[in-house]
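Below is one structure, written out as structure tokens; the observations come after it.
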Amino acid sequence: MKRLLERHGWDMALAALLALLLLATRLIQPNFGASGIEALARAALPFAFAAAGMAVVVIAGGIDLSIASMMAVAGVTAARLMQGASAGEAGLVLVLVLLIGVAMGTINGLLIVLTRLPDIVVTLGMLFVWEGTALLILNAPGGAAAPWLRALVTGPALPALTPMIPKALVLLVVCLAAIWIPLRRSRLGLSLYAIGSDATAAFRSGVAIGRTRIAAYALAGLFAALGGLSLTASVGIGEPIPGPYLLASVAAVVLGGVALTGGRGGLLGPILAVFILRVIRLDLTLLAIDPNVTAILEGTIMAVVVMLGGLLLMRRRQA
Amino acid sequence: MTPTTQDRPSITLRTGRFLRDWPVVTLIILLLALVGLLELMRPGIVNERWIGNTVRIAIPLAMLAACQTMTMLTGSIDLSAGAVATISAFVVATQTPLLGPHAAIAIALLPAVLLGLLNGIGVGLFRVHPLIMTLATGLIGIGCLQVYQRGVIATGSVIPPLLEWLGTGRTAGLPHALLVFIPFAALLLWAERRSGFGRLLYAIGANEQAARLSGVRVWQVHLALYALSGLVAGLAGLLYVGFIKAPSLSLAMPLLLPSVAAAVIGGTSIFGGRGSFAGTIVGALILRVLETLLQLLRMPEGVRGILFGLIIILVTAIHVRLTGRD
């Protein structure tokens with residue numbers, strides 16, 4: 001039990017906070033129920049995938065500023081190709097978009113490894129590149145999502161049993177578990193943490209640093225593609241201008257207990273953090289508070305939580 | 001004793017060494033090459049008027065990039081600079097009808113310094129990662145600005161004539177903004193090389209632990225650095241609003257990422273300890289010339305974005321190789 005607390009203390013605190021916030025939402029809006037949760041999960045889906053992609057790269061000791069632009073590329077590709085396509089063709093498009101995501105991530109990773117420039121510089125440049133690519137694919141919001149893709153993220157998962165579990169949440173959990181759990185236990189997963197915590201030590205223990213870094217960025221690309229697809233699925237059209245996912249994903253990763261210096265954290269924390277930030281936003285809207293105050297509060301929460309984390313770290317070092 | 005030709009190192013080696021000692025020269029050569037390319041593509045475009053315009057557009061960018069240069073020297077970054085510049089610009093435009101231009105300018109710089117101090121407290125005292133801290137203060141600042149906008153929606157906005165004169169005016173082809181920028185750049189270049197504060201920035205960036213052990217109070221330097229960075233961002237916002245002449249809630253936000261790019265192209269290492277504002281100025285000019293070039297090619301917006309991004313990576317990579325730094 002103690003070990004579990006030590007290992008997952010932060011995640012548990014986040015889960016408790018989320019539960020409290022949901023309770024608060026119920027108190028503010030007594031008829032907040034299944035449809036509220038469904039809307040919340042659907043809105044959080046692209047943010048969650050963005051945060052997952054960012055988390056993988058940050059764990060491996062990098063940062064990907066191009067994540068929102070890659071999501072835009074994936075979203076518009078899907079919307080453009082799915083317009084007027086049959087259900088089967090749309091399935092092929094889905095696979096293609098996921099492959100494109102992996103390819104974009106691999107290009108990011110390759111450029112970082114080959115140029116030996118800092119991650120921040122390369123992905124800053126690629127932010128403009130992917131943004132431009134998205135504009136070339138679709139120069140104004142348009143296209144369409146396949147009906148079955150739309151159905152995949154809307155509505156409850158088990159309408160016969162309980163309406164409280166939305167499909168979007170199930171989809172998120174299934175996708176993340178299918179990718180992350182086998183990875184975490186594999187050699188590659190270990191290498192990701194190794195190069196994130198100490199690249200030199202990892203190199204000396206025989207980890208192929210370059211290849212692992214490329215894999216980390218490819219994974220981020222895959223998650224970005226999932227995020228872009230879920231965005232297109234929930235709005236029904238493709239949007240070439242990247243959304244606010246870059247800042248939101250960095251915020252969620254930090255709140256979620258992934259150290260920006262790399263090597264520490266997991267995917268659960270950032271996902272919980274995404275939901276916490278979404279619920280706070282929802283609560284403030286329900287309380288009829290000026291939506292602009294929400295931005296101030298989000299910034300403050302981000303800064304205060306990280307400051308507290310810093311203080312705790314200092315205490316521990318002194319002790 | 002005069003050395004014979006055989007004793008001299010080969011010309012390529014000497015050039016390489018020269019470029020390593022003077023990284024700015026490489027950048028100036030690149031800038032001139034780009035301008036030459038522009039002249040080749042559209043003969044006659046490079047005239048006094050065009051140069052004046054390019055310099056005028058590059059100045060607010062170079063000032064924002066100064067924030068990035070200063071903070072990057074210590075190994076951090078200031079992502080709140082775009083928000084801070086926007087806030088100063090908006091406040092000055094809305095306060096001018098109420099208080100008159102001079103008081104409005106003074107008041108507009110206040111939130112800039114305050115947000116900077118907040119960054120400094122977070123980074124210096126609480127050891128928050130600068131990326132997160134400046135991101136958060138940027139969010140907070142823009143949120144506050146939006147609330148503030150509600151309160152002043154009735155007053156309307158007036159750009160102080162002084163700022164408009166600085167932003168758009170020119171005498172004999174030279175933009176008036178240079179009146180602010182040249183002393184600013186001179187002061188910064190002097191400060192980063194000659195003043196104790198400037199040396200401390202390099203020292204902290206090169207090895208913070210060593211600086212701390214040699215008696216530097218690192219948190220005080222961070223506090224001063226971020227307050228200064230906020231002030232400079234505020235000034236950049238004031239110049240920019242005089243140039244654009246229409247304040248908005250996202251005025252200088254599109255300048256943020258290019259300001260990071262200008263500093264990076266200018267040879268400032270994002271890990272700290274290396275770089276100079278001189279390179280950043282040339283970097284900002286290169287970015288602006290590049291934009292004209294891409295516009296001139298009449299490419300769709302998407303292609304321009306792609307080329308812009310690739311060129312940032314390419315130029316930085318070449319610069320790092322040529323000067324032998326990483």
- prompt: Among the residues of region A:96-112, how many are surrounded by 24 or more Cβ atoms within 10 Å (Cβ to Cβ) and either in contact with an Asp or Glu (Cβ under 8 Å, 6 or more places away or on another chain) or of a type in the set (Gly, Ala, Ser) (or both)?
  reply: 5
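Is it the case that residue A:241 is over 18 Å from residue B:135 (Cβ atoms), within 14 Å of chain B (Cβ to nearest Cβ) and not polar (S, T, N, Q)?
Working: over 18 Å from residue B:135 (Cβ atoms): yes; within 14 Å of chain B (Cβ to nearest Cβ): yes; not polar (S, T, N, Q): yes.
When the stated conditions are applied, residue A:241 passes them.
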- request: Pick out, from region A:1-82, the helices (runs of 4 or more DSSP H) lying fully within it that include 2 or more residues that are aromatic (Phe, Trp, Tyr).
  value: A:34-59
message: Restricting to region A:33-49, count the residues that are touching a Gly at 6+ places or on another chain (Cβ under 7 Å) and closer than 18 Å to residue A:183 by Cβ.
response: 1
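Can you tell me which residue within region A:18-39, out of those that are touching a strand residue (DSSP E or B) at 6+ places or on another chain (Cβ under 7 Å) and not β-branched (Val, Ile, Thr), is farthest from residue A:154 (Cα to Cα)?
Among those that are touching a strand residue (DSSP E or B) at 6+ places or on another chain (Cβ under 7 Å) and not β-branched (Val, Ile, Thr), it is A:34.
Across region B:237-275, what is the number of residues that are hydrophobic (A, V, I, L, M, F, W, C) and closer than 26 Å to residue A:122 by Cα?
In the first step, residues of region B:237-275 are kept if they are hydrophobic (A, V, I, L, M, F, W, C); the result is B:238-239, B:241, B:243-244, B:246, B:249, B:251-253, B:255-257, B:260-265, B:270-271.
Keeping just the survivors that are closer than 26 Å to residue A:122 by Cα gives B:251-253, B:255-257, B:260-265, B:270-271.
So the answer is 14.
Given the structure, is residue A:274 closer than 29 Å to residue A:22 by Cβ, within 12 Å of chain B (Cβ to nearest Cβ) and crowded, with 24+ Cβ neighbours inside 10 Å?
Working: closer than 29 Å to residue A:22 by Cβ: yes; within 12 Å of chain B (Cβ to nearest Cβ): no; crowded, with 24+ Cβ neighbours inside 10 Å: yes.
So residue A:274 does not fit the description; no.
Give me the residue from region B:164-194 that is assigned to a loop (DSSP other than H, G, I, E, B) and under 20 Å from the mean Cα position of the chain (by Cα) and, out of that set, farthest from residue B:275 (Cα to Cα).
Residues of region B:164-194 that are assigned to a loop (DSSP other than H, G, I, E, B), as a first pass: B:169, B:172-173, B:176-177.
If we keep only those that are under 20 Å from the mean Cα position of the chain (by Cα) as well, we get B:176-177.
Details: B:176: 28, B:177: 25 Å.
Filtering first and then ranking leaves B:176.
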- line: Subset of region B:122-136, residues in a helix (DSSP H, G or I), at the interface with another protein chain (Cβ under 7 Å from one of its Cβ atoms) and not small (Gly, Ala, Ser), comes to B:131, B:132, B:133, B:135
field: Inter-residue pairs, beta-carbon under 8 Å, first closer than 20 Å to residue B:316 by Cβ and in region B:27-56, second of a type outside the set (A, V, I, L, M, F, W, C), 6+ apart
entry: B:27/B:266; B:27/B:267; B:27/B:279; B:27/B:283; B:27/B:319
- prompt: Taking into account only those residues within region A:221-245 that are surrounded by fewer than 24 Cβ atoms within 10 Å (Cβ to Cβ) and not in a helix (DSSP H, G or I), which is modelled with the lowest pLDDT?
  reply: A:243
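Quick one: would you say residue A:159 is over 29 Å from residue B:269 (Cα atoms) and surrounded by fewer than 20 Cβ atoms within 10 Å (Cβ to Cβ)?
Details: over 29 Å from residue B:269 (Cα atoms): yes; surrounded by fewer than 20 Cβ atoms within 10 Å (Cβ to Cβ): yes.
In short, yes.
Any idea which of B:261, B:233, B:278, B:284 is in contact with a Leu (Cβ under 9 Å, 6 or more places away or on another chain), among the small types (Gly, Ala, Ser), touching a residue at least 40 places away in the same chain (Cβ under 8 Å) and under 21 Å from residue B:145 (Cβ atoms)? Give the steps one after another, and end with the answer.
Numbers: B:261 fails: under 21 Å from residue B:145 (Cβ atoms); B:278 fails: under 21 Å from residue B:145 (Cβ atoms); B:284 fails: under 21 Å from residue B:145 (Cβ atoms).
Going through B:261, B:233, B:278, B:284 in turn, the sole match is B:233.
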task: Looking at (1) more than 14 Å from chain A (Cβ to nearest Cβ); (2) surrounded by 14 or more Cβ atoms within 10 Å (Cβ to Cβ); (3) not in a loop (DSSP other than H, G, I, E, B), find the lone condition where residue B:159 falls short.
output: (3)
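Just checking, does region A:47-58 include any residue being over 19 Å from residue B:132 (Cα atoms) and not hydroxyl-bearing (Ser, Thr, Tyr)?
Of region A:47-58, the ones over 19 Å from residue B:132 (Cα atoms) are A:49.
This time we only want the ones that are not hydroxyl-bearing (Ser, Thr, Tyr), so: A:49.
Yes, because at least one residue in region A:47-58 is over 19 Å from residue B:132 (Cα atoms) and not hydroxyl-bearing (Ser, Thr, Tyr).
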statement: By residue number, the members of region B:92-108 that are closer than 22 Å to residue B:66 by Cα and surrounded by 20 or more Cβ atoms within 10 Å (Cβ to Cβ) are B:92, B:105, B:108
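Residue-by-condition table, conditions (1) surrounded by 24 or more Cβ atoms within 10 Å (Cβ to Cβ); (2) on the phi > 0 side of the Ramachandran plot; (3) in contact with a Ser or Thr (Cβ under 7 Å, 6 or more places away or on another chain):
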| position | (1), (2), (3) |
| --- | --- |
| A:114 | no, no, no |
| A:120 | no, no, no |
| A:129 | yes, no, no |
| A:134 | yes, no, yes |
| A:145 | yes, no, yes |
| A:148 | no, no, no |
| A:152 | no, no, no |
| A:155 | no, yes, no |
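I'd like to know if region A:94-105 contains one or more residues that are part of a helix (DSSP H, G or I), within 21 Å of the chain's Cα centre (by Cα) and within 14 Å of chain B (Cβ to nearest Cβ). Steps first, please.
Applying the first criterion (part of a helix (DSSP H, G or I)) to region A:94-105 yields A:94-105.
With the extra rule that they be within 21 Å of the chain's Cα centre (by Cα), the set shrinks to A:94-105.
Now narrow it down to the ones that are within 14 Å of chain B (Cβ to nearest Cβ): A:104.
Within region A:94-105, one or more residues are part of a helix (DSSP H, G or I), within 21 Å of the chain's Cα centre (by Cα) and within 14 Å of chain B (Cβ to nearest Cβ).
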task: Kindly indicate whether residue A:127 is in contact (Cβ under 8 Å) with a residue 24 or more places away in the chain, within 14 Å of chain B (Cβ to nearest Cβ), under 27 Å from residue B:76 (Cβ atoms) and not polar (S, T, N, Q).
output: yes
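When you go through B:294, B:249 one by one, which is the residue that is outside any helix (DSSP H, G or I) and within 14 Å of chain A (Cβ to nearest Cβ)? Walk me through how you get there before you give the answer.
On the way: B:294 fails: outside any helix (DSSP H, G or I).
Criteria check complete, one pass: B:249.
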- request: Give me a count of the residues in region B:145-156 that are at the interface with chain A (Cβ under 7 Å from one of its Cβ atoms) and in contact (Cβ under 8 Å) with a residue 40 or more places away in the chain.
  value: 1
- prompt: So, in region B:306-316, of the ones that are at pLDDT 85 or above and facing chain A (nearest Cβ under 7 Å), which residue ends up surrounded by the fewest Cβ atoms within 10 Å (Cβ to Cβ)?
  reply: B:310
- prompt: Quick one: what pairs do we get from region B:165-189, first residue farther than 17 Å from residue B:237 by Cβ, second among the acidic types (Asp, Glu), C-beta under 8 Å, 6+ apart or different chains?
  reply: B:173/B:48
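Select from region B:286-304 the residues that are aliphatic (A, V, I, L, M) and over 17 Å from residue B:61 (Cβ atoms) and write down the one among them that is surrounded by the most Cβ atoms within 10 Å (Cβ to Cβ).
Keep residues of region B:286-304 that are aliphatic (A, V, I, L, M), which gives B:286-287, B:289-290, B:293-294, B:296-297, B:299, B:303.
The next check asks that each one be over 17 Å from residue B:61 (Cβ atoms); those that pass are B:296-297, B:299, B:303.
Values: B:296: 13, B:297: 12, B:299: 14, B:303: 16.
In this case the residue turns out to be B:303.
The values are calculated or read from the model by the stated rules, or taken from the named source; none is laboratory data. Note that the coordinates shown come from a computational prediction; the quantities given were computed from them, not determined experimentally. For neighbour counting, all protein chains shown are included, and Cβ atoms are generated from backbone atoms with ideal geometry for every residue, glycine included.
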